[in-house]
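Peer 1: The structure's right below; bear with me while I get my questions together.
The values are calculated or read from the model by the stated rules, or taken from the named source; none is laboratory data. It should be emphasised that the depicted structure is a prediction, and the values quoted were computed from it without experimental measurement. No Cβ is skipped: glycine too gets one built from the backbone with ideal geometry, and neighbour counts run over all protein chains shown. Note: areas computed on protein heavy atoms with side chains; ligands, DNA, RNA excluded. Shrake-Rupley method; radii C 1.70, N 1.55, O 1.52, S 1.80 Å.
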Amino acid sequence: MNLLPAPPRPPLQRTALFLDVDGTLVELAPTPESVVVPPDLVPLLQKLHTALDGALAIVSGRTIATLDRMLGATGLPAAGVHGGEFRIDPDGAVTEVTPHLPASLQDRAWAIIDELSRRWPGVRGEDKGPAFSFHYRLAPEAEPALRQAIATLDLGSDWEILSGHAIFEIRSRGQSKGAAVRRLMTLPVFAGRDPLFVGDDRTDIDGIRAAAALGGAGIAVNGLQAEDARWALRDPQAVRAWLRSLLD
């Protein structure tokens with residue numbers, strides 16, 4: 001059990017806020033497409049973005065294109081695919097900073113999905129460009145077989161497996177939410193502020209660690225065990241309530 005205290009209200013003029021989405025801002029759902037975004041979330045984020053003088057970014061494992069479909073035109077800086085892609089200017093293009101999987105590795109990943117989904121239809125694949133995801137939330141009993149199949153992949157020295165909430169992902173080594181935070185903190189709108197990263201999954205630990213190393217802190221959500229987290233919030237509802245309190 002995570003016994004960290006709830007976070008205080010940080011000084012907004014000195015804070016850079018980095019927010020995960022799934023399991024942090026919104027509740028997890030059986031499939032990525034069935035996540036429900038509370039109607040007041042986007043206006044809340046936009047108001048915080050203004051209150052922080054622009055020093056707020058979404059840092060997610062989803063692609064930025066998917067985040068746009070979820071959240072609409074928020075005007076927020078974003079890092080997608082665990083730092084594999086960025087969009088700093090809300091009117092600008094998405095920039096990919098890590099390569100796509102080689103065709104041979106992607107073909108083998110889809111072959112694993114095809115094989116296992118015959119036995120467990122809930123096993124799904126997702127090509128994210130700079131990453132590939134194996135989803136099994138709808139078939140948790142497939143996890144041992146999926147883990148075993150993924151272990152047979154020849155990843156070479158350039159790729160690695162990342163595990164999260166009912167998901168395995170192939171990503172480029174060095175591609176992480178921590179790298180995303182470090183990159184964003186070099187931008188003028190974030191530079192000189194104390195980074196505060198909020199996340200709920202193992203994939204967020206890198207972001208929390210990077211924020212702490214840069215003189216800031218992390219907030220662990222939903223019992224995430226992160227050694228570098230200073231505070232904790234119970235669930236996405238508590239996160240949203242805390243974010244609203246920052247505007248009081």
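Peer 1: Rg to Rh ratio, the chain, alpha-carbon atoms and Kirkwood radius?
Peer 2: Reported Rg/Rh, Kirkwood definition of Rh: 0.96.
Peer 1: In deg cm²/dmol, rounded to 500, what helix-only [θ] at 222 nm does the chain give when every DSSP H run of at least 4 residues adds -39500 (n - 2.57) and the total is split over its residues? It would help to have the intermediate numbers written out before the result.
Peer 2: Details: 7 runs with 72 residues, N = 248.
It comes out at -8500 deg cm²/dmol, rounded to the nearest 500.
Peer 1: Any idea what the relative contact order of the chain is, in percent, if you count C-alpha pairs under 8 Å spaced at least 6 apart?
Peer 2: Worked out over the chain, it gives 23 percent.
Peer 1: Further, regarding this structure: Roll a 1.4 Å probe over the protein chains and send me the accessible area per residue for the range 34-141 in Å².
Peer 2: On the way: 4790 Å² over 108 residues.
About 44 Å² of surface per residue is accessible.
Peer 1: At 7 Å along the Cα-to-beta-carbon direction for both His100 and Asp248, put a label point, then send me their distance in nm to one decimal.
Peer 2: Modelled inter-label distance: 4.9 nm.
Peer 1: Which value, in Å to one decimal place, does the Kirkwood hydrodynamic radius take for the range 84-219 when every pair of different Cα atoms is included? Please list the in-between numbers first.
Peer 2: Working: mean 1/r = 0.0611 Å⁻¹.
This gives a value of 16.4 Å.
Peer 1: Calculate, for Glu143 and Gln13, the FRET efficiency according to 1/(1 + (r/R0)^6) with r their C-beta to C-beta distance and R0 35 Å; round to the nearest 0.05. Before the final figure, lay out each step's value.
Peer 2: Working: r = 45 Å, r/R0 = 1.30.
The calculated FRET efficiency here is 0.15.
Peer 1: Next question, about the same structure. Counting only protein heavy atoms and a 1.4 Å probe, tell me what percentage of the chain's accessible area is made up of carbon and sulfur. List each step's numbers first, then the result.
Peer 2: Details: 5740 of 11050 Å².
The computed percentage sits at 52.
Peer 1: Something else about it: Taking the Cβ of Leu44 as the centre, find all other residues whose Cβ is under 12 Å away and add up their charges (Lys, Arg: +1; Asp, Glu: -1). Write down the numbers at each step before the final one.
Peer 2: Values: positive: Lys47, Arg240, Arg244; negative: Asp40.
That works out to +2.
Peer 1: Suppose a student asked you for the relative contact order of the range 115-200, using Cα pairs under 8 Å spaced at least 6 residues apart; what percent would you report? Intermediate values should be presented prior to the final figure.
Peer 2: Numbers: 83 pairs, mean separation 18.8, N = 86.
This gives 22 percent for the range 115-200.
Peer 1: Here's something else I'd like to know. Can you give me the distance in nm between label points at Val37 and Ser117, each placed 7 Å from the Cα along the Cα-to-Cβ direction?
Peer 2: So the label points at Val37 and Ser117 sit 2.5 nm apart.
Peer 1: Which FRET efficiency value, to the nearest 0.05, is calculated for Ala191 and Lys47 with the Förster distance at 30 angstrom and r the Cβ-Cβ distance? Before the final figure, lay out the partial values.
Peer 2: Numbers: r = 23 Å, r/R0 = 0.75.
So the FRET efficiency works out to roughly 0.85.
Peer 1: What number comes out for the charge environment of Ala29, summing +1 per Lys or Arg and -1 per Asp or Glu over other residues with Cβ under 9 Å away? Working shown, then result.
Peer 2: Details: positive: Arg137; negative: Asp22, Glu27, Glu33.
In short, -2.
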